[in-house]
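The values are calculated or read from the model by the stated rules, or taken from the named source; none is laboratory data. Predicted, not measured: the structure shown is a model, and the values here were computed from it. Virtual Cβ from ideal backbone geometry, glycine too; neighbours counted across all protein chains shown. When the accessible area is computed, the model is the full protein with side chains, heavy atoms only, and any ligands, DNA or RNA have been set aside. Shrake-Rupley method; radii C 1.70, N 1.55, O 1.52, S 1.80 Å.
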Amino acid sequence: ALRTPATAIHTVSERTRLDLIEFGVKRPIVVIPNGVDLSLYPSRGPDITSCQVIFVGRLIFYKNLEVVLNAFRRVVETVHDAKLVIVGEGPMRRTWEKYSLQLGLRDHVEFTGYVSHERKVELLSDSCALVFPSLFEGFGLTILEAFAYGKPVIVSDIAPFTEIVVNGRNGYLANPWNPEEWSRKIIGLMLDRQEALKMGLNGRRLVEERFSIQNVSEEIEDLYDRALKGNKDFFGG
């Protein structure tokens with residue numbers, strides 16, 4: 001259990017709140033999600049000519065990129081110029097690079113390593129969707145970044161992603177162990193550009209209404225204000 005005299009604990013997802021309760025935390029736990037500064041993410045929507053999808057994150061085992069690589073072997077059979085861009089560094093990079101070659105994806109998968117924010121902007125803007133097959137996360141800020149650019153997402157069907165992504169509205173939830181399901185949904189977004197555009201705009205709207213840094217900052221300020229005033233009703237006490 002946490003050894004702290006804190007009045008309350010702030011966490012960024014309902015999934016983490018439940019984990020803290022399971023660990024025995026007795027203090028009130030308030031969920032306020034992460035936010036993004038929309039001024040840094042000009043919305044362009046899905047590129048109507050792009051057959052590129054992108055992953056952004058640390059290349060570590062629980063990011064579960066095998067499922068997307070296996071899916072992509074099927075994707076290129078239908079979309080011959082499909083491309084997967086993998087942005088990030090980590091201990092699994094060399095393993096996944098070798099695996100992509102074994103799958104015959106040399107011309108379809110690019111590992112960029114670490115890139116600047118400006119280059120990430122370019123790569124996201126040139127993509128029709130974000131793929132994020134992670135097996136567990138505390139929140140999923142990368143999803144909000146994709147939404148901020150007006151990009152739909154395909155993510156693992158796990159919490160806390162299910163707190164952000166509404167299946168069929170702003171992206172797709174997919175079984176993290178089922179490459180065929182991932183391939184169908186990737187192909188779907190590559191071929192149905194109007195659907196991708198609609199989902200991307202829904203994602204951007206969600207960020208504007210719920211996950212902008214302005215809205216999140218106000219919630220955090222309110223939390224601290226009420227905590228300092230000892231407002232027990234605020235915490236359900």
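So which residues in region 17-36 are out of contact with any strand residue (DSSP E or B) (no Cβ under 8 Å at 6 or more places or on another chain), modelled with pLDDT of 75 or more and either within 21 Å of I158 (Cβ to Cβ) or not in a loop (DSSP other than H, G, I, E, B) (or both), if there are any at all? Within region 17-36, E22, F23, P33, N34 meet the criteria.
One line per residue, one yes/no per condition, for (1) touching a helix residue (DSSP H, G or I) at 6+ places or on another chain (Cβ under 9 Å); (2) over 17 Å from Y62 (Cα atoms); (3) surrounded by 24 or more Cβ atoms within 10 Å (Cβ to Cβ):
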position	(1), (2), (3)
S134	yes, no, no
I143	yes, no, yes
E163	yes, yes, no
N167	no, yes, no
N175	yes, no, no
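For V76, state whether it is touching a helix residue (DSSP H, G or I) at 6+ places or on another chain (Cβ under 7 Å) and either among the small types (G, A, S) or surrounded by 16 or more Cβ atoms within 10 Å (Cβ to Cβ) (or both). Here the answer is no, as V76 does not meet what is asked. Against the definition (in contact (Cβ under 8 Å) with a residue 12 or more places away in the chain, open to solvent by less than 30 Å² (accessible area, probe 1.4 Å) and at positive phi), how does G203 come out, yes or no? Criteria not met by G203. Among helices (runs of 4 or more DSSP H) entirely within region 125-237, having at least 2 residues that are within 25 Å of L18 (Cα to Cα) singles out 141-148, 213-228. Each residue in region 64-96 was checked for being outside any loop (DSSP other than H, G, I, E, B) and either free of Cβ contacts under 8 Å to residues at least 12 places away in the same chain or closer than 22 Å to M190 by Cβ (or both), and 22 pass.
The rows are residues; the columns are (1) hydroxyl-bearing (S, T, Y); (2) over 20 Å from the mean Cα position of the chain (by Cα); (3) within 17 Å of F132 (Cβ to Cβ).
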position	(1), (2), (3)
E77	no, yes, no
D81	no, yes, no
L84	no, no, yes
G90	no, no, yes
K98	no, yes, no
G104	no, yes, no
V109	no, no, yes
Y114	yes, no, no
H117	no, no, no
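Tell me whether region 99-117 contains one or more residues that are open to solvent by less than 60 Å² (accessible area, probe 1.4 Å), modelled with pLDDT under 95, in contact with a helix residue (DSSP H, G or I) (Cβ under 8 Å, 6 or more places away or on another chain) and of a type in the set (S, T, Y). Checked against the condition, which is being open to solvent by less than 60 Å² (accessible area, probe 1.4 Å), modelled with pLDDT under 95, in contact with a helix residue (DSSP H, G or I) (Cβ under 8 Å, 6 or more places away or on another chain) and of a type in the set (S, T, Y), region 99-117 yields no hits at all.
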